[in-house]
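J.: Mind having a look at this structure? Questions to follow.
FYI, it's all coordinate maths here, none of it is from the lab. Just so you know, these numbers come straight off a predicted model, no measurement behind them. Neighbour counts run over all protein chains shown; Cβ positions are idealised from the backbone, glycine included.
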Amino acid sequence: MMKYKAIEQTVQAVQITPDIEMIAPDWFTKKMNTEEIMIDRAQCNGAISVIGCTIYFNVRKYKGSRLVARIGDYVVKDSVGRLNVVRKNDFDRLYKKEEA
């Protein structure tokens with residue numbers, strides 16, 4: 001997991017890849033364990049592969065809402081814990097890698 005700096009705040013982000021379950025940071029894994037994030041899979045020619053993930057919101061205000069990330073997209077967690085999906089092109093434009 002890398003940290004990236006937005007114009008106004010530092011966020012944590014992870015890019016969705018076919019091996020996301022193996023490289024996911026702790027905060028992402030915890031959301032998977034509570035089923036707030038579900039890995040989306042598809043079967044093609046007998047093989048099952050990851051095609052992205054879906055983020056489900058349980059907060060009353062957003063009940064029933066969801067965000068979908070595909071391979072290459074980023075799931076971004078802001079400083080207060082809110083999750084968002086940012087497309088790769090937008091992510092590259094909006095965020096830069098934070099120096100350690």
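J.: Have a look at A42, A24, A13 and tell me which one the Gaussian network model of the chain (Cα, springs below 10 Å) gives the largest fluctuation.
T.: Evaluated over the chain, the most mobile residue of the options is A42.
J.: log10 I(q)/I(0), Debye, Cα-only the chain, no solvent, q = 0.19, 0.23 Å⁻¹?
T.: These q points yield log10 I(q)/I(0) values of -0.95, -1.30.
J.: Quick one: how many lysine pairs does the chain have with C-alpha atoms less than 13 Å apart and a gap of 8 or more or different chains? Give me the count, please.
T.: Count of close lysine pairs: 9.
J.: Restricting to DSSP H runs of at least four residues, report the calculated mean residue ellipticity at 222 nm for the chain, -39500 (n - 2.57) per run over all residues, nearest 500 deg cm²/dmol. The partial results should precede the final answer.
T.: Numbers: 3 runs with 19 residues, N = 100.
Mean residue ellipticity at 222 nm (helix-derived): -4500 deg cm²/dmol.
J.: Follow-up. What is the sum of charges around R70, taking Lys and Arg as +1, Asp and Glu as -1, for the other residues whose C-beta is under 11 Å from the C-beta of R70?
T.: On the way: positive: R87, K88; negative: D40, D73.
Local charge sum for R70: 0.
J.: Can you give the convex hull volume of the alpha carbon atoms of the stretch 5-50 per residue, in Å³? Please report the intermediate quantities before stating the final value.
T.: Working: hull volume 4.6 nm³, N = 46.
Given the Cα convex hull of the stretch 5-50, per-residue volume reads 99 Å³.
J.: Obtain the nm distance between the two label points defined at T54 and V68 by a simple spin-label model: each point lies 7 Å from its Cα along the Cα-to-C-beta direction.
T.: In this crude label model, T54 to V68 measures out at 0.8 nm.
J.: If the chain between M32 and N45 were fully stretched, how many nm would it gain, using 0.36 nm times the residue separation less the Cα-Cα distance?
T.: Details: separation 13, 0.36 × 13 = 4.68 nm, distance 2.68 nm.
Going from the current span to full extension adds 2.0 nm.
J.: Each label point is 7 Å from the Cα along the Cα-to-Cβ direction; what then is the distance between the points at K96 and E21, in nm?
T.: Computed distance between label sites K96 and E21 equals 3.8 nm.
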